[in-house]
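What follows is a set of notes on a single structure, which appears directly below.
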Amino acid sequence: MNLRHAIQADLSALVGLLEELERFYGTTDFPSPDVRQQQIEAALFGPMPAGRVLLAEDGADVVGLASYSRLWPAVGVTASLYLKELYVRKTHRRQGLGRQMMTEICRIAHDLGCSRVEWTTDRDNIEAQAFYRQLGVSVASTKVMYRLDQGKLIF
């Protein structure tokens, strides 16, 4: 397996992989692939990138991703690395790829001078929680997550 950061030439592969990820979370209605490609391009390669994506390849096939951003401030005036999504196609799970991507995410955080790596998982994603426990990571009990969806933004 090869790990590398996504580039603009990966947009069509990202459209497919991110649709698969969203289907995993229950989404069934999607904009056209062209619209999704434009959204991904703006988020990753626009004037103010929202984050980066680490891709996992098996030969020429993209089989996993880890999307992340830096958050500031974290401890004192340091930054943290926030892992938004870690996803491996079902056909490639339980082969060590998730661990390989987490190791690379931690290396990236270290190289960027981040004081921590943080992420969340859905309460009902038991498989992901078991994976993180297997890595020796415990649940942080000091934070509560809040979310305002687009239709409920406070102005």
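Cβ-Cβ contacts under 8 Å between residues 6 or more apart (or on different chains), taken from a first residue in region 140-153 that is in contact (Cβ under 8 Å) with a residue 24 or more places away in the chain to a second residue that is in a loop (DSSP other than H, G, I, E, B) and polar (S, T, N, Q), are listed as MET145/THR120.
For (1) in contact with a helix residue (DSSP H, G or I) (Cβ under 9 Å, 6 or more places away or on another chain); (2) surrounded by fewer than 12 Cβ atoms within 10 Å (Cβ to Cβ); (3) of a type in the set (D, E, K, R), each residue gets a yes or a no:
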{"residue": "PRO47", "(1), (2), (3)": "no, yes, no"}
{"residue": "GLY51", "(1), (2), (3)": "yes, no, no"}
{"residue": "LEU65", "(1), (2), (3)": "yes, no, no"}
{"residue": "VAL88", "(1), (2), (3)": "yes, no, no"}
{"residue": "THR103", "(1), (2), (3)": "no, no, no"}
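When ASP34 is tested against (1) over 21 Å from LEU3 (Cβ atoms); (2) within 15 Å of the chain's Cα centre (by Cα), only condition (2) is not met. Is region 75-85 home to any residue that is within 22 Å of GLY26 (Cβ to Cβ), at pLDDT 95 or above and among the aromatic types (Phe, Trp, Tyr)? Looking through region 75-85, none of the residues is within 22 Å of GLY26 (Cβ to Cβ), at pLDDT 95 or above and among the aromatic types (Phe, Trp, Tyr).
Quick grid of which residues meet (1) in a loop (DSSP other than H, G, I, E, B); (2) more than 16 Å from LEU81 (Cα to Cα); (3) among the polar types (S, T, N, Q):
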residue	(1), (2), (3)
VAL117	no, no, no
ASP124	yes, yes, no
GLU127	no, yes, no
ALA130	no, yes, no
ALA140	yes, no, no
VAL144	yes, yes, no
ARG147	yes, yes, no
GLY151	no, yes, no
ILE154	yes, yes, no
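For ARG93, are the conditions met, namely being basic (Lys, Arg) and surrounded by 16 or more Cβ atoms within 10 Å (Cβ to Cβ)? It is false that ARG93 is basic (Lys, Arg) and surrounded by 16 or more Cβ atoms within 10 Å (Cβ to Cβ). For region 8-37, filtering for residues that are farther than 26 Å from ASP122 by Cβ and touching a Pro at 6+ places or on another chain (Cβ under 9 Å) leaves 1.
Among the residues making up region 13-60, those that are outside any strand (DSSP E or B), free of Cβ contacts under 8 Å to residues at least 60 places away in the same chain and of a type in the set (Asp, Glu) are GLU19, GLU22, ASP29, ASP34, GLU41. Of the residues making up region 70-96, just one is farther than 21 Å from PHE131 by Cβ, assigned to a strand (DSSP E or B) and of a type outside the set (A, V, I, L, M), namely ARG70.
The values are calculated or read from the model by the stated rules, or taken from the named source; none is laboratory data. None of the values given here were measured: they were computed from a predicted structure. Note that each Cβ is placed from the backbone with ideal geometry, even for glycine, and that neighbours are counted across all protein chains shown.
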